[in-house]
Structure formats: C-alpha cells, structure tokens
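Here's the structure, in structure tokens; my notes come after.
The values are calculated or read from the model by the stated rules, or taken from the named source; none is laboratory data. Given the structure is predicted, the values throughout are model-derived calculations rather than measurements. Note that we place each Cβ from the backbone using ideal geometry, even for glycine, and neighbour counts take in every protein chain shown.
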Amino acid sequence: MAVKLPFKNKKNDKYMSSAPKYRIHIGDVLFDILNHLFFIVFTLTCIFPFYYLFINTISDNDLVRRGLITIIPKGIHFKNYLSLTNVTDLTQAFKISVMRTVLGTALMVAATGLVGFLVTKQEMWGRRIWYRFIVVTMYFNAGLIPWYLNMSMLGLTDNFMGYIIPSIVAPYNIILVKTYIESIPVELEESAYMDGATYMKVFTKIIWPLSKPILATIAVFGAVGHWNSLYDSLILMQNDSSLQTLQHRLFIYLTKANNLKEIMVSNSAISAEIQEQLLDSKITKWTVSMVTVFPILLVYPFMQRYFETGMMLGAVKG
Amino acid sequence: MHTEKTVKSSNEKTTAILFFLYRLLIILISISLFIPAINPARVCGLVNDNMSLFTSAVSYSALTANTIRASMRGWIQDSSFVILYISSIVICLGIIGSVASGCMSLGSLKLKRLGNLLSIVGCGVSAFGFVGIAMSYLQLEQTTKPDKVQPMFQTGYFILMGAIILVAIMSIVLLLLQPKPGEKDIAELSQKYKLFLLILPFVVLTFLFSYLTLWGWRYAFFDYKAGETLSWDKFVGFKWFTYLFKNAATRSDIVRVMVNTFAMSGLGLFFSWVPMVFAIFLCEIKNTKIRRFIQTFTTIPNFISWVLVYSVACVIFASDGLVSSLIQANGGEAVNFLMSGKHIWLKMFLWGMWKGVGWSAIIYIAGISGIDQQLYEAATVDGAGRFQRMWNVTMPGLIPTFMVLFVMGVAGILSNGLEQYLVFQNAINKNPIEVLDLYVYNIGIDKGKIPLSTVVGMSKSIISVALLFGANRVSKIVRGNSII
C-alpha cells in the first residue's frame, strides 16, 4: 500500500482557494469576520505566552521584577542567559538532554529501519511470530511500578543507558516503516539479490536511502519525544542528579521554588553577583523555561511538514 | 545397508533432540543472567539484592555502591570486589560464547561443530569466573565484621555452574555424535535463519522491556517494602486486592480517584467534536497563507512538554505572572491561580485543549481535503448555502474518522496520562486532580507502597486491554473493520 502524503500535493488547497461561487450574504460576511477573529485570537493565545516569556528574560530585570514588561521589551540584555551558563547543574542537564536526544533518536531510527526491513522478508524463520511479538506490546502496559522495578533489576536506574536502550524498539514506528517499505517496488531488491548482494547490503544501499522520508518523520517524532520526556528521568534517575534531564531540572525548579537558590548554587562555583541574580527565582525560572522550549520553537517551523506526514501515516494505519 | 540407514537416522534424531535441549538450556542461562535472585556474584550482603549477574558485570560502581563505608573501615578489601567484578565479566563472556554457539547451531554441519567448539571454550572461560567468585567469597569471609558484611553463598552459583557444565557436556556429546564434515562442506547459515538471527536482538530487547516487565506483577501478591528481598514467607495472595476495598481510607481514595478519572476523561470525550469543528471552520478561511500560519502556530503547543506547559501557566497565572501583574497595576492583589483547587477538572481540560486541539484538527483537515469536490458542486447547484454545505457535506464526510477516534477515546478512558496532572499537582488541588495514573505514581513512588500501587496499576492495565478489545469488537460490528 502506497502511503499518501496529503501535504505534498495541492489537492486540499485547490478546494480551499477555488470555492464554489455563491452570492454574498451578510450572514456569510459576519461569519467570516467572526471566524477570522476567533482563529487569530486563538493563535495569539498559542504564541503570546512564549513571546511574553522571551521578552521578560531579555528585558531589564528591575522592570521585570515589578511586572512592567507586557508587550514591548525594554532595556534588552542577555545577562540572564549568560549567568545560567555558570550553573554546572544546568549545563550538565542540558548536556544529558542533548545526548539522549541525539543518541536515542539515532539508535531508534537505525533499529526501526532495520526491523521494518526484516519483517517484510517472507523467508524469515517465524516471521509472523516475531513481528506480532514486537507489535503487540503497543497494546499492553504493565504499569509504572513493575516498569520501575524491572528497570532497576536490569541495572538501568541511575544509568544513562536507561534513557537509550528501552526506546530502541518502537513498535508503532516499526509498523509505519514496514508499511512504507512494502510500497517500494520489489524488483529493485530482487535485482540486487540476483547480483549477489547480501541482506545488509540491500538494506544499506537500497532500502535505507529510499525510505528516508519516513525515517526523517520518525526521527523528528523520536527527537521531540526524547527532548520532552520527563517521567523516565523523574523515576529512574532519582539518586543521581548529574543524569537528570533539563525537563526534570526545570520541573524541580518550578515545583520546589523555595530552595531554588540552594538547589542551583550548592555545587557550582559562582560569583556573589551572579548568585544575587539567581536569587531572583522568577527570572531564573523563566530563563530556564526559555532555554528548554527554545530548541522546539526553533526546529518546529522547519520540521512541520514531517510532523504532519507522521500524523497522516498514523491515520492511514488506523 | 538397511541397518546402517536406520542407525544413521536414529542418530540424527538424537542430535536433533539434543540440539533442541541445548538451545533451550542456553536460552534459560541467558535469561538467568538478568534475574537478581540467582545472581552468583552476590557473595555478601553489601551487594545490592536487585543486582543481576549482568548488572554486576556491566557496572563496577553499581556493584560497589554499598561498600564505601565497609572498605573505609577496613572490613573488606577492595581487591575482593575487583575479583568479583572481573569474574562476573568473565562468566558473561563465556555465556555470550555459548549463546553464539546456540545461534551457530542453526547453520550447516561445519558451523554447528564450530559452534560446539566455541561453546566448550566459553564454558572453560566461565569456569575461571566461578573460581574467581569463590575466591572473592573466601576473602570476604575473613572479614572482621561478619554481621555487617554478611558473607553468603547463593544457590544460584551452583544452579548456573551446573547449567554451564551441562552445556559443556552436551557440546562434547554433540561433537562426538555428529559425523565429520567433508572437505567440501563450508560453514554457512541458510537465509531463513540468517534473517532470524538479525531480528533476534530486537526480539530480545522487546522481551526485556515489555514482557519481562509483566513479571513485576508478582509484587502485587507479596508483602513487599522497597529495598527488601522477595521471599515466599511474604506471600500474601490476594490480600492487597481485598485491602483496596476493605480499608476505609483506600476505598474512599479509590472512589475519589475514579470520579476524577471519569470526570476528566468524560470531559475530553464529551468535547471530542471540538477538533472536528475547529478543522471545518479553519477550512472556511480561504486565504491559504493565513490558514497555513494559523495551522503552524496552533500545533506548536502539542510539541512542548507538560513541564513547559506548566511553566507557561506559571508565567501567565502564578502570583508573579502576567495576570497578577495586570491586577496589581490596577491596584489589586496578586493571586496565584494555580494554587486553587476550584474548577480543576475544567482547567485541566482547557489546558489539554490548548495543547492538543490544533494538532488533533490536522487529521480532520486531511479528511476534508479528501472529500469529493463534486459533492460540494452538486450541493451548490441544489441551492445549499455555506452552512448547509458544512453541515450536510463536510460533517458526514468526517464522521467515520470521528467515530474511530471516539471509540479509541472510550477504550483509553482510564489512561489520562501522568505528566499533565503530575506537574499541575500541588498540596491544595491534590484531591480533585488525582487521576488513576497519578494515584499509582503517588502511592508507589512517593509513598513507597509498592504492592498496593502494583495492584492498582495491574487492574488498570487489564481493564484497559479489555476495553480496547471491546472497542475493537464494537467497531467491527458497527463499521465492519477493526481499529487495532
């Protein structure tokens, strides 16, 4: 089955822009105005919080403290961001978040591509059994505590690999990739086997390059998932704060605000001036939030196409 | 001639049966690597009881996590733990050799024989590891503080050693039973097994992280506190299941939590038409650029984590946030709206909507683009106005998608997700916000009531699977095709 990618063709746009002609009614005009108004207001509620957050982290701290920055930034400076780079606690969390996102996504995509390819091979011994064995895990879940106890039994608590290894096999993505690979003409592969290519060669030289669109899609979803994930850090890395992700540190700052300074400064060599600045919990919290959300905001507009493709693929499967 | 043939075939039969047992034994051995209860490397009480042999071989720091005090006081020598660590690695390497041999036994005669040789070598290597563990144990037994160090010897040591000796014996027997390969024989593996071995690592990973987790359900039947060892004298049967309903405090907790869960899922289900209407109205905006812009920015919240949504909520609604600033500017008092427990169901629902509506609408937007244009033209010719077209053409085109999502929503009625409620939870709103997933987290991770939490989580999982199959059945009857 070929996967349809609705956002690549202009089919939907055709309908939208060349709507059938109709006479202009007052009701229609009113509806149009209200409709536009609603969507503009709603879009603003989606953008404005981030804008507001941003301008408050770059504006003059004194004005921010008094709550005077609402729409326009005043006294622009980047000291808040610079002072955060001195907090080893945070730079470490940032490093962990980046590392797990990069490594976790890379391994997941490679594994998903390979498994997706392998399960299309009819000649495999017990193919259907293994495919179902993997895919059926989507539908059940043992629960939080058994999961935690299992991870601790496998030695993955307080261990960086606890982020990476469990996420390598992603059943849902395997289904997507398998469906995609099945849509690639079989002749391409067969001619390669005729020429004496091995399975791995066919995978790396033919299947992998041809499935790049779907692999890019699952990579984007995987990366966002890794970056945003909170609960695994929260539950698995309770005892080793140097392994906690940025999301986890932000969660701690937000919910345990009273000893924010204590948490942040305790294990960092920081000058008195910066300490004073960090004391202002509001600005610090907001700056950390901005640092955490920034990669998503930066990447999203460029990757939106892939996100939408992914959503559609899910719908095709459903 | 005739007799020789029958001898040969019976010989082949025994080798086949032996190989089957051989592979089975190797699978069992490799699973036992991950089971802490039979970890032969746990030679003293200082080694954590949730360490498996595999963990002991992978992480020296985990192996010696509890030994710092003992080694500072001079109760133990560091060298015994180094020996223990190296022995664990050696045993694991030996077992890896046996596993490889098990894989090779799927190949041609020559490969099989090579595999058996490898296995014998592997078992020989493991033997050093077992000697090392025994040495480490003897060293630890010399300790001046046996009550603190608690030297012990696991039955797992003998079980695993016995199993490995058995593997070695089987390898030798198999080597003797099989005919010698001819000159022309090559070590090769047939395609079907090659493919199987390629997928095997991923099957093992799935087993470890999805199926092995179910083994954790056993905690529901034991009287277990965090950090203890499971033993049969702590077996309590269905005590915790009945406890849920017999104990007045937990019973009222469960009732409250279920009300919260159903209220929030119910709100979500009741308003699950909103993304559809959102999509229909969005498509009424004829300017492609504006529509594109709206679509891009209303989907962004879906991709930020709940922690960040909470952060955004603080920025706007906390006592140092935007709303309070505006109130103060007009002479009022700062209010922390997030600390109030009022209308929490509605608030959670609205945050969910804010985050998800733009994204959920995309599937309907695609649905609209799939509706046949001629239907619209025909409707226009018949004199249908704009709203009539929306109501009579677009809506019916989207209802099938809506129904699928609705049925899935009903199946997931118990799973609200954890993170949203976890981040918004505080001392004041705790009672109305606690949904089932959060309750499992709170009693399990925060309060350490592991069996009770497992019972709740286990019941939830089983009911959810039942609901999913029920929904699938309903969908099959109503629409003629399944959803899973």
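For this structure, a couple of remarks:
- Conditions (1) over 19 Å from the mean Cα position of the chain (by Cα); (2) over 28 Å from residue B:52 (Cβ atoms); (3) crowded, with 23+ Cβ neighbours inside 10 Å: number failed by residue A:190: (3)
- Residue within the range B:158-173 that is closer than 30 Å to residue A:145 by Cα and in the same structural domain as residue B:54 (by TED's automatic domain parsing) present: yes
- If you filter the range B:316-328 down to residues that are part of a loop (DSSP other than H, G, I, E, B) and within 9 Å of chain A (Cβ to nearest Cβ), you find that the one that is farthest from residue B:263 (Cα to Cα) is B:320.
- Scanning the range B:222-272 for residues that are under 24 Å from residue B:435 (Cα atoms), within 14 Å of chain A (Cβ to nearest Cβ) and buried (at least 16 other Cβ atoms within 10 Å of the Cβ) gives a single hit, B:240.
- Against the numbered list (1) farther than 30 Å from residue B:194 by Cα; (2) polar (S, T, N, Q); (3) facing chain B (nearest Cβ under 10 Å), residue A:241 comes up short only at (3).
- Any helices (runs of 4 or more DSSP H) falling wholly within the range B:237-314 and containing at least 2 residues that are under 30 Å from residue B:431 (Cα atoms): B:239-246, B:248-270, B:274-283
- Of the helices (runs of 4 or more DSSP H) lying entirely inside the range B:329-391, those containing at least 1 residues that are under 30 Å from residue B:261 (Cβ atoms) and free of Cβ contacts under 8 Å to residues at least 60 places away in the same chain span B:344-369.
- Any hit, the range B:185-202, residues being more than 36 Å from the chain's Cα centre (by Cα) and buried (at least 19 other Cβ atoms within 10 Å of the Cβ): no
- Residues (outside any loop (DSSP other than H, G, I, E, B) and over 9 Å from residue B:136 (Cα atoms)) located in the range B:65-86: B:68, B:69, B:70, B:71, B:72, B:73, B:78, B:85, B:86
- Just one of the numbered conditions (1) under 30 Å from residue A:306 (Cα atoms); (2) within 8 Å of chain A (Cβ to nearest Cβ) is not true of residue B:426: (1).
- Residue count, the range A:198-238 (criterion: among the polar types (S, T, N, Q), more than 19 Å from residue A:186 (Cβ to Cβ) and either more than 13 Å from chain B (Cβ to nearest Cβ) or part of a helix (DSSP H, G or I) (or both)): 3
- Test set (1) closer than 24 Å to residue B:216 by Cα; (2) touching a residue at least 60 places away in the same chain (Cβ under 8 Å); (3) in contact with a helix residue (DSSP H, G or I) (Cβ under 7 Å, 6 or more places away or on another chain); (4) not in a loop (DSSP other than H, G, I, E, B) - residue B:56 fails condition number: (2)
- Assessment of the range B:128-142 against the conditions (at pLDDT below 85, crowded, with 16+ Cβ neighbours inside 10 Å and outside any helix (DSSP H, G or I)) yields no matching residue.
- Residue B:416 meets all of the listed conditions (1) more than 10 Å from chain A (Cβ to nearest Cβ); (2) touching a residue at least 12 places away in the same chain (Cβ under 8 Å); (3) in a helix (DSSP H, G or I) but one, namely (3).
- Conditions (1) surrounded by fewer than 20 Cβ atoms within 10 Å (Cβ to Cβ); (2) over 17 Å from residue B:344 (Cβ atoms); number of the one not met by residue B:303: (1)
- Condition broken by residue A:136, with the remaining ones in (1) within 30 Å of residue A:248 (Cα to Cα); (2) free of Cβ contacts under 8 Å to residues at least 60 places away in the same chain; (3) of a type in the set (A, V, I, L, M, F, W, C) satisfied: (1)
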